[in-house]
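Chemist: Dropping a structure here in C-alpha cells format, bear with me for questions.
Bear in mind that the values in this text are calculations on the coordinates, not laboratory data. The structure presented is a predicted model; accordingly, all values stated were derived computationally and were not measured. Neighbour counts are summed over all protein chains in view; Cβ atoms, including those assigned to glycine, are modelled from backbone coordinates with ideal geometry.
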Amino acid sequence: MEPTQIIFLVTAIMMLSSAVMVVSSRHLVHAALWLIVTLFGAAVLFALLEATFIAVIQVVVYIGAIAIMFIFAVMLTRRELRDSADPWNKGWPVALALTAVVAVTLGSFLLKWDGLLKTSQPMAEGYDSVASLGTALISPDAFVLPFEVASVLLLAALLGSVYVAMNKK
Amino acid sequence: MIPISWYLFLSAALFSVGLFGVLVRKNAIAILLSVELMLNAVNINLVSFWRYGNTADMAGQVFSIIVFAVAAAEVAVGLSLVYSVYRRRNTVIADELDMMKW
C-alpha cells in the first residue's frame with residue numbers, strides 16, 4: 001500500500017460514515033457538523049487529485065459559507081433544534097429499495113467500463129493548473145460565457161433569497 | 001497510484017447516501033443537506049475525470065466551479081424559502097407543507 005492509497009481509504013471511510021450520520025442524525029446541528037466532516041474529506045480528495053484551487057475553494061466556500069449558513073438556518077427555524085419523532089418518513093423502506101436500485105445500476109455500469117484501472121499520468125514539469133484554470137475561465141475561446149452566466153445566477157440568487165426571506169409587513 | 005475506479009465508486013456511494021437522505025428526511029433543511037452530499041459526489045467525479053484525462057483541458061475543473069456556484073445559489077434560495085415558510089406555517093417538516101394539495 002502506498003501512502004496516497006492509505007490516505008484515500010481513510011478519507012473515504014470517514015466521508016461515507018459521516019455522510020450516513022448526516023442522513024440519520026436526529027439533531028439537525030449535528031447533521032450539519034457531520035456534513036462539514038464530509039465536505040472536508042472531499043477537500044482532502046481534491047488535494048490528492050492535485051486540484052489545489054478546487055481544494056481551497058471547497059474549504060472556503062463549502063465549509064466556510066454554505067455549512068455555516070445551514071447552521072444559521074437550523075438555529076433560525078427550530079425552537080428545540082431536534083426532531084421529536086422519527087427523522088425519517090414512514091415510507092423509508094421503499095426509498096431504501098429505490099436507492100439500492102440506483103446504487104446497483106451505477107455500480108454495474110462502472111464495472112462494465114474498461115477504463116476503470118486507469119492511473120493518472122504525472123503532471124508535466126512546470127505545469128500550473130491554477131494558472132490554466134484562470135486562463136480558461138476568462139478566455140473567450142474557452143469558458144467565459146459559463147463564467148458570466150454563473151455570476152448572473154449568483155446575483156439572481158442573492159436578490160431572490162433576500163426578497164423571499166424579507167418580512168413584508 | 002490510485003486507479004480512477006476508487007474515486008468513481010466512492011462518489012457513487014456518496015451520491016446514493018445523499019439520494020436516500022433526500023427521499024427519507026422529514027425536515028426540509030435536512031433534505032437540503034442531503035442535496036449538498038449529492039452535489040459533492042458529482043464534484044469528486046468531475047475533478048477525478050479532469051486529473052485522469054488530459055490535465056491541460058480544464059473543462060472538468062471549470063464545471064466543478066460552476067457546480068459550486070449553483071450549489072451556493074441553491075442553498076441561499078432554498079434556505080430563505082424554508083425560513084419564509086417557517087414564519088408563515090411555523091414548521092419545517094416537509095409532510096406538513098401541503099398548501100398546494102387539493
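Chemist: Hey, which of these cross-link pairs are over 27 Å Cα-Cα: A:Lys90/A:Lys168; A:Lys112/B:Lys26; A:Lys168/B:Lys101?
Modeler: A:Lys90/A:Lys168; A:Lys112/B:Lys26
Chemist: Could I ask something else about it? Where in region B:8-47 does the label zone of A:Ala100 land, with the point 7 angstrom along Cα→C-beta and an amide N cut-off under 15 Å?
Modeler: B:17, B:20
Chemist: Which parts of region B:28-59 would a label at A:Met123 reach, counting a residue when its backbone N lies under 16 Å from a point 7 Å out along Cα-to-Cβ?
Modeler: B:47-59
Chemist: Based only on Cα atoms, what Rg/Rh ratio does region A:1-110 have, Rh being taken as Kirkwood's radius?
Modeler: Radius of gyration over Kirkwood radius for region A:1-110 works out to 1.04.
Chemist: To continue, here is another question. Starting from the Cα of B:Val70, step 7 Å along the direction of its Cβ; do the same at A:Lys168; then give the gap between the two resulting points in nm.
Modeler: So the label points at B:Val70 and A:Lys168 sit 2.9 nm apart.
Chemist: Add -39500 (n - 2.57) for each DSSP H run of 4 or more in the protein assembly as shown, then divide by its residues: what number comes out at 222 nm, to the nearest 500 deg cm²/dmol?
Modeler: That calculation yields -24000 deg cm²/dmol at 222 nm.
Chemist: Could you work out how far apart the two model spin labels at A:Ala131 and A:Phe53 are, taking each label as a point 7 Å from the Cα in the direction of the beta carbon, and quote it in nm?
Modeler: Between A:Ala131 and A:Phe53, the simple spin-label model gives 1.2 nm.
Chemist: So what are the radius of gyration and Dmax for the Cα set of the protein assembly as shown, in Å?
Modeler: Taking only Cα atoms of the protein assembly as shown, I get Rg and Dmax of 19.6, 65 Å.
Chemist: Can you find, among A:Pro3, A:Ala131, A:Leu154, the residue farthest towards the positive end of the dipole of chain A? Put +1 on the C-beta of Lys and Arg, -1 on that of Asp and Glu.
Modeler: Working it through, the farthest residue towards the positive pole turns out to be A:Leu154.
Chemist: Once fully extended, how much extra length lies between A:Ile6 and A:Leu116, figured as 0.36 nm per residue of separation less the alpha-carbon to alpha-carbon distance?
Modeler: 37.7 nm
Chemist: Moving on. What percent of all Cα-Cα pairs in chain B falls into each 5 Å bin, going from 0 up to the bin containing the maximum distance?
Modeler: Binned Cα distances yield the sequence 2, 12, 17, 18, 16, 12, 9, 6, 4, 3, 1, 0.
Chemist: Also, quick follow-up: Which of A:Ser129, A:Ser24, A:Ser108 moves the most in a Gaussian network model of chain A with Cα springs under 10 Å?
Modeler: Evaluated over chain A, the most mobile residue of the options is A:Ser108.
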